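K.L.:
Submitted below is the structure of interest, expressed as structure tokens.
The values are calculated or read from the model by the stated rules, or taken from the named source; none is laboratory data. All values derive from a computational prediction rather than experimental measurement. A quick note on method: Cβ atoms are made from the backbone with ideal geometry, for glycine too, and the neighbour counts reach across all protein chains shown.
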């Protein structure tokens, strides 16, 4: 099915999320929609899927104009969408999940739910595309990568001929990403048209037939998969950027931060952090890698005191932190960048200037006795926003008027603008454009080089490999291994992110590399003979 969007415009108040966007996706091709978070990609696809009504423009399928009053109309027209956050009921089976909303019924007078028909449909699609999904498996017991396959099966079961994949690799290990790319190619061979939304340059080059780049709600160009990552990045940002982190080897000093046998319990009483131990020295970056939801969030929150530790010790410069309040931990020299800036990083009704002194508003130089100095707070805000290139109208505006990326810069500016012993940053570049990521990475390395112990929690493997001096991989609340960055292999880390212990992961990755080498040698020999 051919898809065409002509002049699609979508606004939210004064914000123009999509500005007269034109897009043509040919039948049976994988068309990547590339752009940074907030560029307007997902909004455009939500318009296509009927979740948003466009304020202007036209949608055509096989040259015929269509209008959708909701997702049901889009599904009926042959469009399926796999959202970044899966739309699955955890306690349902795969068959029940696929049937939900389009429940097959028996032919008898009672019209009972016919789950056997749903099971057959799941098996049929699973076998056709090699998904290996059990129709009777319960969703919450499935790995994330398999849950994503269930979402794809849902779309295909409803005869989707255009499949939209919205940031589909955000929660996958590298191995699961490779499997998804193979599935996408299988679907393409079967004639399915795929729109692949992403901001990851490596993946778009690996799978796309054509690439459309969106920046600030507008199409800024088209590119081929042969384009370099640097070329694609410059299209996304509008200027040349360096994708490599410029850093010299670490010069680790004394042990600054120690976690010993730490456990954190969920409200239900299960261990979400399970006896984790590690040490971080001054002047090094330890990156905590893993698929989202494996205890990294709770680990970071326990370090700051936002959630209680059920067991173990947390030490900074030899002093126990466990009994200290959050404010005292910050005053002890911890800089904290939370993963959810809107909830934990800023106070939305406060001004930008006030948010820049949230943890120091009652201390010199921002206060004299019980009174805060508005002039000092204002001057500090002017300096910090200039230094961190925060795009704003006035530092006295509420921080809620800023874009998500600029709000993240405010959080980073606040935490990196005071003396630190430990910098703990969760997803520090989430929502930032490539140019801002370059800046943040440079500041993190500068902090390391001052002698600060740095812990970065990130689900972005490229970021981990770029920043880390050592990598700790978490899986289901435990650290399955810690490796030096010099020895960090993408395949090994990916296997560890799926729960494979370090040594087993090394052996499996080595076998995989050997088999690839033999395949290349065989292909070369055959080429010579022909």
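K.L.:
How many of the residues in segment 239-253 are surrounded by fewer than 14 Cβ atoms within 10 Å (Cβ to Cβ) and either modelled with pLDDT of 90 or more or within 24 Å of the chain's Cα centre (by Cα) (or both)?
P.N.:
Within segment 239-253, the subset surrounded by fewer than 14 Cβ atoms within 10 Å (Cβ to Cβ) is 239-240, 242, 244, 246, 248-249, 251, 253.
So of that shortlist, the ones also either modelled with pLDDT of 90 or more or within 24 Å of the chain's Cα centre (by Cα) (or both) come out as 239-240, 242, 244, 246, 253.
Qualifying residue count, segment 239-253: 6.
K.L.:
Specify the residue that is surrounded by the most Cβ atoms within 10 Å (Cβ to Cβ); the eligible residues are those in segment 148-167 that are part of a loop (DSSP other than H, G, I, E, B) and out of contact with any helix residue (DSSP H, G or I) (no Cβ under 6 Å at 6 or more places or on another chain).
P.N.:
Step one: list which residues in segment 148-167 are part of a loop (DSSP other than H, G, I, E, B), which gives 158-161, 167.
Still in the running and out of contact with any helix residue (DSSP H, G or I) (no Cβ under 6 Å at 6 or more places or on another chain): 159-161, 167.
Details: 159: 10, 160: 24, 161: 20, 167: 18.
The extreme case among them is 160.
K.L.:
Hey, does segment 223-231 have a residue that's surrounded by fewer than 19 Cβ atoms within 10 Å (Cβ to Cβ), part of a helix (DSSP H, G or I) and in contact with a strand residue (DSSP E or B) (Cβ under 9 Å, 6 or more places away or on another chain)?
P.N.:
Checked segment 223-231: at least one residue is surrounded by fewer than 19 Cβ atoms within 10 Å (Cβ to Cβ), part of a helix (DSSP H, G or I) and in contact with a strand residue (DSSP E or B) (Cβ under 9 Å, 6 or more places away or on another chain).
Per-residue answers, yes or no, for (1) under 27 Å from residue 189 (Cβ atoms); (2) modelled with pLDDT of 85 or more; (3) not assigned by TED's automatic domain parsing to the domain that holds residue 93:
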| residue | (1), (2), (3) |
| --- | --- |
| 103 | no, no, no |
| 109 | no, no, no |
| 120 | yes, yes, no |
| 124 | yes, yes, no |
| 133 | yes, yes, no |
| 138 | no, yes, no |
| 145 | yes, no, no |
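K.L.:
Shifting gears a bit: Go through (1) under 23 Å from the mean Cα position of the chain (by Cα); (2) crowded, with 21+ Cβ neighbours inside 10 Å one by one and return the number of the condition residue 256 breaks.
P.N.:
Every condition holds for residue 256 apart from (1).
K.L.:
Looking only at segment 426-462, which residues are within 22 Å of residue 259 (Cβ to Cβ) and touching a helix residue (DSSP H, G or I) at 6+ places or on another chain (Cβ under 7 Å)?
P.N.:
Scanning segment 426-462 gives 426, 428, 444, 447, 454, 456, 457, 458.
K.L.:
Assess whether residue 68 counts as being modelled with pLDDT of 90 or more and under 27 Å from residue 198 (Cβ atoms).
P.N.:
Values: modelled with pLDDT of 90 or more: yes; under 27 Å from residue 198 (Cβ atoms): yes.
Against the criterion (modelled with pLDDT of 90 or more and under 27 Å from residue 198 (Cβ atoms)), residue 68 qualifies.
K.L.:
Let me ask something additional. Hey, any hits in segment 345-363 for a residue that's in contact with a helix residue (DSSP H, G or I) (Cβ under 6 Å, 6 or more places away or on another chain), more than 25 Å from residue 306 (Cα to Cα) and assigned by TED's automatic domain parsing to the domain that holds residue 297?
P.N.:
Checked segment 345-363: no residue is in contact with a helix residue (DSSP H, G or I) (Cβ under 6 Å, 6 or more places away or on another chain), more than 25 Å from residue 306 (Cα to Cα) and assigned by TED's automatic domain parsing to the domain that holds residue 297.
K.L.:
Condition test on residue 192, is it out of contact with any helix residue (DSSP H, G or I) (no Cβ under 7 Å at 6 or more places or on another chain) and either at pLDDT 90 or above or not assigned by TED's automatic domain parsing to the domain that holds residue 31 (or both)?
P.N.:
Details: out of contact with any helix residue (DSSP H, G or I) (no Cβ under 7 Å at 6 or more places or on another chain): yes; either at pLDDT 90 or above or not assigned by TED's automatic domain parsing to the domain that holds residue 31 (or both): yes.
Yes, satisfied.
K.L.:
Under the condition of being buried (at least 19 other Cβ atoms within 10 Å of the Cβ) and under 28 Å from the mean Cα position of the chain (by Cα), which residue from segment 62-77 is farthest from residue 5 (Cα to Cα)?
P.N.:
Once the filter is applied, the top-ranked residue is 75.
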